[in-house]
4 protein chains.
Amino acid sequence: MAAKMKAAIFVEKGRIVLDEKPIPDVGPQDALVRITTTTICGTDVHILKGEYPVEKRLTIGHEPVGIIEKLGSSVTGYHEGQRVIAGAITPSGHSYACLCGCGSQDGPGTRHGFKVAGGWKFGNTIDGCQAEYVLVKDAMANLSPIPDHLTDEEVLMCPDIMSTGFSGAERGNVRIGDTVVVFALGPIGLCAVAGAKLMGATRIIGVDTVPARMEAARKLGADHVVDFRAGDPVEQILALTDGRGVDVAIEALGTQSTFESSLKVLRPGGTLSSLGVYSSDLAIPLAAFGAGLGDYTIVSTLCPGGKERMRRLMEVCGSGRIDLKPLVTHRYKLDDIEAAYDLFANQRDGVLKIAITP
Amino acid sequence: MAAKMKAAIFVEKGRIVLDEKPIPDVGPQDALVRITTTTICGTDVHILKGEYPVEKRLTIGHEPVGIIEKLGSSVTGYHEGQRVIAGAITPSGHSYACLCGCGSQDGPGTRHGFKVAGGWKFGNTIDGCQAEYVLVKDAMANLSPIPDHLTDEEVLMCPDIMSTGFSGAERGNVRIGDTVVVFALGPIGLCAVAGAKLMGATRIIGVDTVPARMEAARKLGADHVVDFRAGDPVEQILALTDGRGVDVAIEALGTQSTFESSLKVLRPGGTLSSLGVYSSDLAIPLAAFGAGLGDYTIVSTLCPGGKERMRRLMEVCGSGRIDLKPLVTHRYKLDDIEAAYDLFANQRDGVLKIAITP
Amino acid sequence: MAAKMKAAIFVEKGRIVLDEKPIPDVGPQDALVRITTTTICGTDVHILKGEYPVEKRLTIGHEPVGIIEKLGSSVTGYHEGQRVIAGAITPSGHSYACLCGCGSQDGPGTRHGFKVAGGWKFGNTIDGCQAEYVLVKDAMANLSPIPDHLTDEEVLMCPDIMSTGFSGAERGNVRIGDTVVVFALGPIGLCAVAGAKLMGATRIIGVDTVPARMEAARKLGADHVVDFRAGDPVEQILALTDGRGVDVAIEALGTQSTFESSLKVLRPGGTLSSLGVYSSDLAIPLAAFGAGLGDYTIVSTLCPGGKERMRRLMEVCGSGRIDLKPLVTHRYKLDDIEAAYDLFANQRDGVLKIAITP
Amino acid sequence: MAAKMKAAIFVEKGRIVLDEKPIPDVGPQDALVRITTTTICGTDVHILKGEYPVEKRLTIGHEPVGIIEKLGSSVTGYHEGQRVIAGAITPSGHSYACLCGCGSQDGPGTRHGFKVAGGWKFGNTIDGCQAEYVLVKDAMANLSPIPDHLTDEEVLMCPDIMSTGFSGAERGNVRIGDTVVVFALGPIGLCAVAGAKLMGATRIIGVDTVPARMEAARKLGADHVVDFRAGDPVEQILALTDGRGVDVAIEALGTQSTFESSLKVLRPGGTLSSLGVYSSDLAIPLAAFGAGLGDYTIVSTLCPGGKERMRRLMEVCGSGRIDLKPLVTHRYKLDDIEAAYDLFANQRDGVLKIAITP
């Protein structure tokens, strides 16, 4: 009889509960990782609310930090007992999508194809990591050893939040001397601020209304923070830039309002870098789009994954260039994850991210 | 008393007429060009119909081929009598927008700013070239000598149609082995087909319904042409690509339908390159956008200008790589331009482009 | 007792002979491919001459076309009996190098590192494909099914020659309207000509002295062919370009002379794209390098591999855009491969490439 | 009789002296700038020593900070009395080179051509700014207003040192998480360190032997500083990176030794970004170049100029992201410029940069 482990599973709309599941078997290219720290993502709340459909009894969670418990027979270059992380997105490494540099859209097998968000597997199409153990497929493409001098919490943002937030700046092609706006300063928006600063933006404007988030943005590199309740943020941003607009606008929420405002503050030739997950059709306002004549670029990005990405992000954590530790505002045991969901889903107590430890 | 010339001017909605205007004075950085051939653009028809506002009595036209009549006192490196073209877009060369590689969005003077489509001046903010003479400002940045072995008609597509159409492929970043679709096969869409072929696309799909345009697309490089009246073009294109979708979709019309279809046939991670001029807000359908998770890129592009761009396009004309001469289906005298507008605006007689000669 | 197969093995300097070796065992991620067609590369001649060291009794050859004989237990998405190719370079898909888009420099296991040319394994660090069977490791990243309408010979250039030659143009970032020179018109140089044409170069200059190669270059897209015995090729090229120089110079031989000449004909700001394998230190002449002030770019490229690359190249073969079949000038049975080496190493009888069939 | 001004002119090898010259006349596109602060560059020392030839009696200096004294009749968007800088490189804005984004290689007039370092005019092909006044040609492309809150000294590094040093990182395409080495920590190397940090490098290694420079490098972002006298720097750097090598190596001196070492510490697929001005042919060692198989990129860059570049660099100065003021170690009056040259040419007293004020 298979050994059991605790896991946070989706039961039905409104209910993610801690239950028991068998510890997974380990195939030749897999690794079984004992989770030492993980966290809850905004996407998990969408799942909880039934806004994003997953199979019943799926284990939720896609931000694993842990220790290799068992390696598949074909996996080389790692050892059991090694501390590792894996990205929220786990590209296979061998799909057509991966081989054209698009691993987040990892399509199946040998089909020439791609699958929207197909690289996002944990807590979506396979069991995730809000559990005592998680099975990491294509382990050699995805496991990234944690440098000894970094704690679990110091690398906890790498699998998703940092990777996504930074990609907002990267895909926006932020350059030295750019003016950048970030709409919405949740954990991803805050990492987008940090990413824009890391890439050389010299004027960064954050937009939110929650004081703690606005304050965190300032610490991570925002030169100005605009409170959208204090007046039309588009007008505020245009005033801050003497009417010129911004070079890059990063959307980090997923609403019509933030998307549209991003375009309205963008200078002709600028880039709107969209990170949000949307829940309805989007409208592109004609004037803000220059009727098609404005040389605008709109990019949308799903969190990049894979072990090289994780390695680079941990380099950032270790470099002291930015300090993301304050993003972890709360700590819960896995046994109390239902309470953690309750706190996080309701955004109580100034919560940014919660460290969950089995 | 200033000498007079004939010019096609906008009088009011529905009326562009041939009238007399003074031949312009030549400032230090200007050149006066005697037009030998020009043409009418779809945009001019929008002006004619009052859909795009310009000042009354403005001379229309932005595709000049001619001979230098007089050079400003500061202009060096050219000589009077030289055959030249200038782009539809005439960047100053010295604005902030120009200096960051964005001359089509050329902002005024020393402001740090940009102006949507500010580089489009001829027949928009200054007198254009459907006239006996046109004044070219910032002549040294814009006049491009015509190689002797090329006729006026052979280079007539360079100022706008080729530059715009090719930019659809260039900004779409077409790569060797790509599958590319072009929605709408008017002159710009046809040049987008040619541009995609020039850049190495190996499967090019055109979409239209007019037999002459579909036939022209095949000659310019389309491997498949889909008639959108013969069934849902999205389904036809997905069938042609075994469900994989296209790497790059070029929109060359400016409607919700073509924009939306472009996104629907795009593989995750692909690029929608929009060339159309739109007349209302655009909707991005949620599913086609992968809810923001599809790593899509949407770029809009205004015709690139400047003498280096023109030089390169004339190199293409001279290289024999593609033959755009069949795009000129009709020829009119400037004296008969009102009839030419009538033909072109009503798309009679299989018209693609009309050569106008004073 | 293991079944045996014929294989061309390196015995010692000057001797590659046909011998018997065991048919390899198939591991979980491997595929055993029965070779139906392969070829000999210039690199193999370097091995033959002892200029490039490999282990004794290694099977030579890195351009496999064949049929899947047996799939490893973990390989999905293929079926036995399927016609496939694999690239000369076989990235694992899961190394750090692969995951940062640099699979040709595929480093070992989980080391963060890279290994110069580490992705080149066939006939270099593992047994190659001048044999009845070849074992393809990391099969899911490397096997690319051959479309039914393409013959073995039509895809025989994909694994190395096309991939390398095209990469010369791709890494040179050839753009529409560029002037490109290709130094040395062997099979790789000829494919560089084809690649430059595919990417939109409008003036392509080839340099060689062998009439058959010069003629082949014209057919593949060279607008001019310079015979370096008819005068200093640098002077000839500068004369052809009115002294301006070329935008991209592709070096396809691997000598000081061609490298140096490539730089000398390059306009400031241009790119020297080096494909050759060199055998001694290179000198960069001070003046040609503008003393460091010329904004030059020099790139060297090893043949890109992986199944997506192969898929794209086969798309080119099937598109009719270019016809590389004339590159196969001779055909030999595997049993006669020693004679084939003799012909090829001595460049007799106008040989370009030899199809070898077991 | 023309009014006179003081200017530092090149007389003969070994002699740059302060003398009188006429204040220049102002043409239509020119601006006369009254210099308030300037500096001496290493290149000026090369001129002094006769290592770089310029015409006798040329005014030296290419780093102007000043006040507009008089504007040409065609210049708009500025006003006399305005504080401005111009770059060391002054692209015309209207050459073919400028219009293809290569203004540092600005060729003459309408020739299609480029000229090596043709954009460097001040103190090279026209009178420079170590004088009371300097004439800025193509003023609208080059004059960049100084924000009020920045002092002369705060922007004094923009025209050359910052622009060059940063370009080392920019052309090296430094990415978040990169390891970067900078060889030689003079003012340009120090700015390369700052540029690499601004772009997100998380491990920066500087190489020098002068304690003050090594200390300055640490302050500007170097995580490690290697003393090349303390052991082979290649070995030290490989040890620091666990044998992996660096992603980007920036050469900031112009010698065979630093060039060669840059290549030797570079990982396969990495970029060598060369900033130095060389004085003899360079050798590329075969092994370090992977015999041509290493996917290496070597870029050389001349200081980018133009008003948009200057605007961006002043944004950096104003942002507080880095503090370059400590680079100004000495201050001299223009009247004492001969003494300043003496100090600077002999690198006495820990000199980095000298502010010269008329």
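The values are calculated or read from the model by the stated rules, or taken from the named source; none is laboratory data. Computed from a predicted structure; not experimentally measured. Note: ideal-geometry Cβ built from the backbone for every residue, glycine included; neighbour counts use all protein chains shown. SASA here: full protein model, heavy atoms, side chains in, ligands and nucleic acids out. Shrake-Rupley method; radii C 1.70, N 1.55, O 1.52, S 1.80 Å.
Could you please tell me which pairs satisfy a Cβ distance under 9 Å, a separation of 6+ or placement on different chains, a first residue in the range A:196-221 that is touching a residue at least 60 places away in the same chain (Cβ under 8 Å), and a second residue that is surrounded by fewer than 17 Cβ atoms within 10 Å (Cβ to Cβ) and assigned to a helix (DSSP H, G or I)? Cβ pairs passing all conditions: A:216/A:326; A:219/A:326; A:220/A:326. Residues that are over 20 Å from the mean Cα position of the chain (by Cα) and either basic (Lys, Arg) or not assigned by TED's automatic domain parsing to the domain that holds residue A:63 (or both) within the range A:334-357 comprise just one, A:348.
Here is a check on your reading of the model: is residue A:67 in a strand (DSSP E or B), more than 19 Å from the chain's Cα centre (by Cα), farther than 30 Å from residue C:144 by Cα and at pLDDT 95 or above? Yes. Scanning the range C:329-354 for residues that are closer than 14 Å to residue C:42 by Cα and assigned to a strand (DSSP E or B) turns up C:353, C:354.
Taking the numbered list (1) within 14 Å of chain C (Cβ to nearest Cβ); (2) open to solvent by less than 10 Å² (accessible area, probe 1.4 Å); (3) over 25 Å from residue B:178 (Cα atoms) in turn, residue B:311 passes all entries but (2).
Against the conditions (1) more than 14 Å from chain D (Cβ to nearest Cβ); (2) under 30 Å from residue A:118 (Cβ atoms); (3) in contact (Cβ under 8 Å) with a residue 40 or more places away in the chain, residue A:233 satisfies every one except (2). The residues of the range B:169-203 that are in contact with a Leu (Cβ under 7 Å, 6 or more places away or on another chain) and more than 14 Å from chain C (Cβ to nearest Cβ), listed by number, are B:183, B:184, B:187, B:188, B:190.
Per the conditions (1) touching a residue at least 24 places away in the same chain (Cβ under 8 Å); (2) in contact with a strand residue (DSSP E or B) (Cβ under 8 Å, 6 or more places away or on another chain), the sole criterion not satisfied by residue D:140 is (2).
The test for being within 9 Å of another protein chain (Cβ to nearest Cβ) and either over 22 Å from the mean Cα position of the chain (by Cα) or within 14 Å of residue D:184 (Cβ to Cβ) (or both) does not hold for residue D:246.
Scanning the range B:261-282 for residues that are assigned to a helix (DSSP H, G or I) and open to solvent by less than 50 Å² (accessible area, probe 1.4 Å) yields B:261, B:262, B:263.
Inside the range A:169-196, can you point out the residues that are assigned to a helix (DSSP H, G or I) and closer than 16 Å to residue A:41 by Cβ?
First pass over the range A:169-196, keeping only residues assigned to a helix (DSSP H, G or I): A:169-171, A:187-196.
Listed by number, the residues that qualify are A:187, A:188, A:189, A:190, A:191, A:192.
Within the range A:283-306, can you find the residues that are part of a helix (DSSP H, G or I) and not aliphatic (A, V, I, L, M)?
Selection gives A:290, A:292.
Please go through the range C:152-173 and give me each residue that is open to solvent by 10 Å² or more (accessible area, probe 1.4 Å) and in contact with a strand residue (DSSP E or B) (Cβ under 9 Å, 6 or more places away or on another chain), ordered by number. C:152, C:153, C:160, C:170, C:171, C:173, listed by residue number.
Can you name every one of the strands (runs of 3 or more DSSP E) wholly within the range C:197-254 that holds 2 or more residues which are surrounded by fewer than 24 Cβ atoms within 10 Å (Cβ to Cβ) and in the same structural domain as residue C:296 (by TED's automatic domain parsing)? Before the answer, list the steps.
On the way: elements: C:203-208, C:224-227, C:246-251.
Correct list: C:224-227.
Out of C:23, C:16, I need the residue that is more than 19 Å from residue C:89 (Cα to Cα), among the β-branched types (Val, Ile, Thr) and open to solvent by less than 20 Å² (accessible area, probe 1.4 Å). Which one? After ruling out the rest, the residue left standing is C:16.
Confirm whether residue A:294 is modelled with pLDDT of 95 or more, facing chain B (nearest Cβ under 7 Å) and farther than 30 Å from residue A:142 by Cβ. Judged against the criteria, residue A:294 is a match.
For the range D:314-331, a residue qualifies if it is open to solvent by 20 Å² or more (accessible area, probe 1.4 Å), within 27 Å of residue D:103 (Cβ to Cβ) and in contact with a Gly (Cβ under 7 Å, 6 or more places away or on another chain), and exactly one does: D:315.
Against the numbered list (1) at pLDDT below 95; (2) crowded, with 17+ Cβ neighbours inside 10 Å, residue B:1 comes up short only at (2).
Checking each residue in the range A:275-291 for being without any contact (Cβ under 8 Å) to a residue 12 or more places away in the chain, facing chain B (nearest Cβ under 7 Å) and at negative phi picks out A:281, A:286. Would you say residue C:82 is within 14 Å of chain A (Cβ to nearest Cβ) and in contact (Cβ under 8 Å) with a residue 40 or more places away in the chain? It is true that residue C:82 is within 14 Å of chain A (Cβ to nearest Cβ) and in contact (Cβ under 8 Å) with a residue 40 or more places away in the chain. Scanning the range B:264-274 for residues that are within 11 Å of chain A (Cβ to nearest Cβ) and closer than 20 Å to residue A:103 by Cα, which turns out nearest to the chain's Cα centre (by Cα)? Of everything passing the filter in the range B:264-274, B:272 is nearest to the chain's Cα centre (by Cα).
The set of residues in the range B:111-137 being open to solvent by 10 Å² or more (accessible area, probe 1.4 Å), aromatic (Phe, Trp, Tyr) and either out of contact with any helix residue (DSSP H, G or I) (no Cβ under 8 Å at 6 or more places or on another chain) or touching a residue at least 40 places away in the same chain (Cβ under 8 Å) (or both) consists of B:120, B:133.
Any residue at all in the range B:307-319 that is within 22 Å of residue B:38 (Cα to Cα) and not in a helix (DSSP H, G or I)? The answer is no, given that none of the residues of the range B:307-319 is within 22 Å of residue B:38 (Cα to Cα) and not in a helix (DSSP H, G or I).
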